[in-house]
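Here is the structure we will look at.
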Amino acid sequence: MTEQLPDVETVRQEVRAWLEENWNPAWKGEAQEGPNRVAWLTQVVDAGWAAPQWPKEWFGREFDDARNRVVREEFARVHAFGTGQDRTNLWINTLLAFATEDLKKQLIPGLMRGEVEMCLLYSEPGAGSDLAGVRTKAERDGDEWVVNGQKVWTSGATRADYGMLIARTNWDVPKHRGLSFFFLPMKQPGIEIRPLRQITNESHFNEVFITDARAPAANLLSNEGDGWKVLVTALAYERSYMGEAARGPRSGNRVKMAEGEDELIALAREAGKLSDTSIRQRIAQVIAWRKLNDLNTARAKADLEVGTSASIMSLGKLAMSRILHETARLRTDLLDAESLLEGSENPRAEDANFLALNAYFTSIGGGTDQVQRNIIGERVLGLPKEPEIDKAVPFRDVKGG
Ligand SMILES: Cc1cc2nc3c(=O)[nH]c(=O)nc-3n(C[C@H](O)[C@H](O)[C@H](O)COP(=O)(O)OP(=O)(O)OC[C@H]3O[C@@H](n4cnc5c(N)ncnc54)[C@H](O)[C@@H]3O)c2cc1C
């Protein structure tokens, strides 16, 4: 018999009391990195708040969407991080859907506590949008796979303990059927990482050269040849996450906002443009898009079982890309000529310019806007598929760079 869930108000009181007792507001900015990050995440995991919707076996509480939302609201109310991993932890969602029990046990606890770092080894110099065309190869050698090839645009590779790798294991079948998906250990001699500089002057992504690197056979997800199926699921998780969240301004100098006020409204007030009707209309448009996207994403996710994903997640990512670009344009217009400045003495302009450039992260990373439109057209709306001349040809015979 399934255990009865506590009512929503009881959940709210429990999580609120727990946060009051345990959360230190000084840890607010440490979600990505920071000295207390792992210790705090460990507490959240042990208390069952990290992924309330997951099974108890994986540190969850088997909550439904309504109760899970209450937990997220309470964490957000005090600016605490660490919950919501059932929605945002792409690595674990992929493991839950396709890994063996042994691999799950080996990796999930460390991933939840932030002790294990990850990266995505998908894109290659000759395969980005067309990921089924990857040429990095993996060959079986006893209990291991030997990997050779090159990846590019690999975010976070320098810190990663494992990379989720898509590699070719069979060249004699059409491109989608000869792929396999691995958790490749990154800290080994066969991995060489060269950082690349981004348009934002940061260096988060890298080239990764792989020469006779080894992955244990147990790190294969699903079966040999099932890589495309695993990849499509992992990409949908990534897109759903990118459709929900994005980086905010880089400077610590934030505009003063009234309780519950949107930052764009506060910026317009500061710029003396809050009574400009065209500006008001554009702010309302962005806020309406955000709200609609939140509701759409919540509805799509509420319909999904744990460990599944859907092409509909492309809609949220595409919407977020549009929201970020329009927000960036609006910030720039609010500043007028001031937006030409930069540096720490000009925090508003610095933020506007960073956010305008960083909006391309969402419209390219995780699959471009054009590719999301193709997916929505073909898999959500059921429109005719794009012609693919190499789809039925053994990959060995496909011409490519
Ligand atoms: C900030 C950032 C972080 C990233 N991090 C990672 C990472 O961690 N790991 C990783 O593997 N990759 C990562 N990427 C790479 C990203 O996934 C690819 O850049 C993206 O998928 C596009 O591939 P491409 O650059 O090879 O462009 P291409 O595939 O060559 O596309 C070029 C242009 O053609 C268009 N196009 C291509 N095919 C079609 C089509 N069928 N229909 C319509 N238009 C099409 C594209 O939309 C694009 O405008 C990252 C990229 C960015 C910007």
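Quick note: the coordinates plus some simple rules give every number you see, no bench work behind them. Quantities reported herein were computed from a predicted structural model and do not represent experimental measurements. A quick note on method: Cβ atoms are made from the backbone with ideal geometry, for glycine too, and the neighbour counts reach across all protein chains shown.
The Val398 and Lys187 beta-carbon pair, evaluated with R₀ = 22 Å, returns a calculated FRET efficiency of approximately 0.05.
Rounded to the nearest 10 degrees, the angle from helix 347-364 to the longest Cα principal axis of the chain is 30 degrees.
Restricting the range 14-60 to GluC sites (Glu not before Pro) that sit in a DSSP loop and have at most 14 other Cβ atoms within 10 Å of their own Cβ leaves Glu33.
Each residue of the range 163-169 is assigned a 3J(HN,Hα), and the resulting list reads x, 7, 10, 10, 9, 8, 10 Hz, derived from the Karplus form 6.51 cos²θ - 1.76 cosθ + 1.60 (θ = phi - 60°), x at Gly and Pro. Can you compute the FRET efficiency between Asp130 and Asp172 using 1/(1 + (r/R0)^6), with r the Cβ-Cβ distance and R0 = 22 Å? Round to the nearest 0.05. Computed FRET efficiency for Asp130 and Asp172: 0.70. Counting 0.36 nm for each residue step from Asp141 to Glu101 and taking away their Cα separation leaves a gain of 12.1 nm. The string of couplings for the range 197-208 from the Karplus curve (6.51, -1.76, 1.60, θ = phi - 60°) is 8, 9, 4, 8, 6, 9, 9, 8, 10, 8, 8, 10 Hz, one whole number per residue in order, with x for Gly and Pro.
From the helices alone, meaning DSSP H stretches of at least four residues, give me the mean residue ellipticity at 222 nm for the chain, per-run term -39500 (n - 2.57), in deg cm²/dmol to the nearest 500. Value at 222 nm, helices only: -13000 deg cm²/dmol.
To the nearest ten degrees, helix 101-112 and the longest principal axis of the Cα atoms of the chain are 30 degrees apart. Is the shape of the range 86-238 best called rounded, prolate or oblate, per the rule: a/c under 1.5 gives rounded, else a/b larger than b/c gives prolate, else oblate, with a ≥ b ≥ c the square roots of the Cα gyration tensor eigenvalues? It comes out rounded by the Cα gyration axes. The label point for Leu383 and the one for Leu5, both projected 7 Å from the Cα toward the Cβ, are 3.7 nm apart. Suppose R0 equals 41 Å; then what is the FRET efficiency for Asp390 and Glu342 from their Cβ-Cβ distance, rounded to the nearest 0.05? Computed FRET efficiency for Asp390 and Glu342: 0.35.
Were the residues from Asp276 through Ala31 laid out at 0.36 nm apart, the gain over their Cα-Cα distance would be 84.5 nm. Between Asn22 and Asp64, the simple label model (points 7 Å from Cα in the Cβ direction) yields a spacing of 2.5 nm. Averaging the sequence gap over all C-alpha pairs within less than 8 Å and six or more residues apart, then dividing by the number of residues, gives the chain a relative contact order of 13 percent. When you restrict to C-alpha pairs under 8 Å that are six or more residues apart and normalise by the size of the range 118-224, the relative contact order lands at 30 percent. Once the Cα-Cα distance is subtracted from the 0.36 nm per residue extended length, the Arg247 to Asp294 segment shows a gain of 15.3 nm.
Over the range 245-367, Cα pairs under 8 Å with separation of 6+ residues give a relative contact order of 30 percent.
Sorting Asp161, Asp64 by the number of Cβ atoms found within 10 Å of their own Cβ, with the fewest placed first, yields Asp64, Asp161. DSSP beta bridges confined to the chain are antiparallel in about 85 percent of cases. GNM remark for the chain: springs join alpha carbons under 10 Å apart, and the peak mean-square fluctuation among Asp46, Asp294, Asp276 falls on Asp276. In terms of surrounding Cβ atoms within a 10 Å radius of their Cβ, Asp65, Asp7 rank from fewest to most as Asp7, Asp65. Counting only alpha carbon atoms, the long axis of helix 313-335 and the longest principal axis of the chain meet at about 40°.
Most exposed first by the Cβ proxy, i.e. fewest other Cβ within 10 Å, how do Glu224, Glu345 rank?
Glu345, Glu224
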